[in-house]
Amino acid sequence: MDECAVIFYPQKIRVKVKRGSSLLEAVSDAHITINNLCGGDGICGRCKMIIKEGEVSDKVSDKLTRDEIKRGVVLACMTSVESSLIVEIPADTLAKEKLHADKDAERFRDFEQTLLFKGFTPRPLVRKLYLELDRPTIANNTADHERLFDAICKNLKSDECSVQTGLKIIKILPEVLRKNGYRVTATVGLRRHVAEVMNVEGGGAENRNYMVIIDIGTTTIVAHLVNANNTETLDAKACFNSQGIFGREVTRRMISAEKKGDEELQKLLIDDINRLIRSLSDGNRVNLKDINAVVCAGNTAMGHFLLGLPTYHIRRYPYVATAVEPPPLRAAEVGIQINPRGLLYSLPGISAWVGSDITAGILATGLYEKEETTLLLDIGTNGETVIGNRDWIVASSASAGPALEGASVECGMRAEQGAIESVAVANDGKIAYQTIGNTPPKGICGSGIIDLISVLLRMNIIDRNGRFIEGSSDRIETFGAMKSFVLVPPELASGSKPIFISESDIENVVTAKAAIYAALKILLKRLDLSFEEIDNFYIAGAFGNHLDVDNAISIGLIPNMPKEKISFVGNTSIRGAKLVALYQEAFEKIYELRQMTTYYDLMGADDYVEEFKKALFLPHTDIEQFRMIQR
Ligand code: FES
């Protein structure tokens, strides 16, 4: 095989790739996270790198200036490796500190009180049971295997007393039992209706029993290390999902998986998970072999990538998942490095487009217990909507695209250091902004974009179609053929380039918010409900925590509801997954919730397009729906 070595600077990471591979693949092999958005289609222009040495073949791109081409700048996704290379990755191309994600991880450490509030009895999915077995006699010469199972059954509730184990454990039993005077610790993991004996060791070893709970987001992966014996969360870490190199949207990643094979996408995800687990175990002096389970929640596509399942049919009519309720598996089967016999729980989702992050959200918010009706909205690349109460639950998903997370917006970026996260009109009447980390601005993230559009609308700089009003501001400039509003002039921006929002950016955001609002309207219509009849409106996801409610209403992203009904409920995906991990009742409940929830497919709704079109205005064609805001 003709291989070329590629060395990336400033990371000094060397990888080998096949001659003719794309430079973006080499970046992915090197586990370097960059700020790209389009997944390698040559559209976003965010994968710029400088070829310092070696030969490449690159395609012409209008994303590069003449000066950049002279300096050896290429788009990694449009460039193939033709010899060994030395490549410099400019600071602007790299994804920076995961400040925002880590902040989220911090926030989700405090969990104890909510767990107790649920009223469940702590009983983790994997337990370590200290057992004192009767020594055999001539009158009691039951086999070692049965003797152990009898002792385990006495310790477990009777209704879960179907126990199984593998040959490996049975083989070591005679020695372990006799060497330790029949005083042993059995590690027992629950696989739905069967308890599996995962290990048997001598003496009392029940104090070392850990689990890792993971929310696999399309953008961010959050992992919590918990002590299963006392439900304590020891630590939390987060990182960006490395699959981002294949596109910000789930659909783009599925297309990549079809071209490159599911294994490639799976490997990136498993590598991220293993890095997070190792960092949690190293930082907390927990041995990997004492981590007995990993419990994951995420959208259905992420669940498929985790298990290496084909995603081909998810995005094709009639939109069928390979599995939405996969059984607990051995974590090692997918390459997760914990105790070699440790279990992987991939929680049940609802459909091809509503995943286990939403089932976990239904569980975590407790909406299934309430008499009053709750609307749960998870705003991400997909806007998942759940409406329900203790008698019924309906869920749907609208493809919003990544604009609300800062993608498909020219100066948009992820919510990380240097991102403008809020925009407001200051007392002096000027537009002011705030960046994450209070550092010079590099771009605008989702919450900042919503604020900015709301401010521009309020100041009559844009009209209700999202078009700039002639002569309304001296900060409207034309870049290329596109009118734009310059929020930050080049001299104040981190990259010495202006930070602006163009008419086409606004159009992308309006399209995304229209998709979400139309989904809400259709679902309510089908249920014969109005927004007034919704008692609680929960906004989930990291994005929600930074959202200005008034601004979100003013552009028509969320319905015009009294503020006291609206709550930000944070990352309900990880909260629900943790409930399942630590409370066996929650494990049973999540399967019940999956059965109880009806999926409503918006693709089959004749009036969806009509509702969508009505919402393609700021805030909406029907201004009456937003009357409270207009006053
Ligand atoms: S232009 Fe290369 S990844 Fe978008």
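The values are calculated or read from the model by the stated rules, or taken from the named source; none is laboratory data. Since the model is a prediction, treat every value here as computed from it, not as a measurement. Neighbour counts are summed over all protein chains in view; Cβ atoms, including those assigned to glycine, are modelled from backbone coordinates with ideal geometry.
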Exercise. Residues of region 139-180 being under 43 Å from the mean Cα position of the chain (by Cα), surrounded by fewer than 11 Cβ atoms within 10 Å (Cβ to Cβ) and in a loop (DSSP other than H, G, I, E, B), which ones?
Worked result: LYS157
Exercise. Which residues, taken from region 29-47, are buried (at least 16 other Cβ atoms within 10 Å of the Cβ), more than 11 Å from the ligand (Cβ to nearest atom) and in contact (Cβ under 8 Å) with a residue 40 or more places away in the chain?
Worked result: ILE32, THR33
Exercise. Being of a type in the set (Phe, Trp, Tyr), within 25 Å of TYR599 (Cβ to Cβ) and at pLDDT 95 or above, is that true of even one residue in region 302-310?
Worked result: yes
Exercise. Which residues, taken from region 548-577, are assigned to a helix (DSSP H, G or I) and either among the aliphatic types (A, V, I, L, M) or over 15 Å from the mean Cα position of the chain (by Cα) (or both)?
Worked result: VAL549, ASP550, ASN551, ALA552, ILE553, SER554, LYS563, GLU564, LYS565, ILE574, ALA577
Exercise. In the set ASN292, ASN299, which member is over 16 Å from ALA332 (Cα atoms) and of a type outside the set (Lys, Arg)?
Worked result: ASN299
Exercise. Of all residues in region 66-81, which are in a helix (DSSP H, G or I) and within 12 Å of the ligand (Cβ to nearest atom)?
Worked result: ALA76, CYS77, MET78
Exercise. Looking at (1) modelled with pLDDT of 90 or more; (2) within 16 Å of the ligand (Cβ to nearest atom); (3) assigned to a loop (DSSP other than H, G, I, E, B), which is the only condition ILE50 fails?
Worked result: (3)
Seminar exercise, completed: Of the listed residues (ALA552, ALA577, ALA540, ALA581), the one being under 26 Å from GLU372 (Cβ atoms) and at pLDDT 95 or above is ALA577
For this session: Give region 478-496 a look and list any residue that's crowded, with 16+ Cβ neighbours inside 10 Å and over 31 Å from the mean Cα position of the chain (by Cα), or say none.
Result: LYS483, SER484, PHE485, VAL486
For this session: Exactly one condition in (1) surrounded by fewer than 18 Cβ atoms within 10 Å (Cβ to Cβ); (2) touching a residue at least 12 places away in the same chain (Cβ under 8 Å) is not met by ILE431; state its number.
Result: (1)
For this session: Starting from residues that are touching a strand residue (DSSP E or B) at 6+ places or on another chain (Cβ under 6 Å) and at pLDDT below 95, keep the ones in region 204-214 and report whichever is nearest to GLU585 (Cα to Cα).
Result: GLU206
Seminar exercise, completed: In the set ILE590, ILE574, ILE534, the lone residue that is farther than 30 Å from SER504 by Cα, surrounded by fewer than 20 Cβ atoms within 10 Å (Cβ to Cβ) and in contact (Cβ under 8 Å) with a residue 12 or more places away in the chain is ILE534
Problem set entry | Candidates THR300, THR311 - the one that is under 17 Å from THR322 (Cα atoms), more than 15 Å from the chain's Cα centre (by Cα) and crowded, with 23+ Cβ neighbours inside 10 Å | THR311
Exercise. Among LYS59, LYS63, LYS16, which is more than 21 Å from MET254 (Cα to Cα), away from the ligand (no atom under 13 Å from the Cβ) and without any contact (Cβ under 8 Å) to a residue 24 or more places away in the chain?
Worked result: LYS16
Problem set entry | Entirely in region 339-399, the strands (runs of 3 or more DSSP E) that have 3 or more residues that are polar (S, T, N, Q) | 393-399
Seminar exercise, completed: Note on LYS289: of the conditions (1) closer than 25 Å to GLY541 by Cβ; (2) away from the ligand (no atom under 16 Å from the Cβ); (3) at pLDDT below 95, unmet is (1)
For this session: Could you tell me whether VAL324 is under 22 Å from GLY380 (Cα atoms), in contact with a His (Cβ under 6 Å, 6 or more places away or on another chain) and either not polar (S, T, N, Q) or not assigned by TED's automatic domain parsing to the domain that holds ALA236 (or both)?
Result: no
For this session: Can you run down the residue pairs with Cβ atoms below 8 Å, 6 or more apart or on separate chains, where the first is in region 72-85 and within 8 Å of LEU23 (Cα to Cα) and the partner is near the ligand (Cβ under 9 Å from one of its atoms) and part of a strand (DSSP E or B)?
Result: ALA76/ILE34; ALA76/LYS48
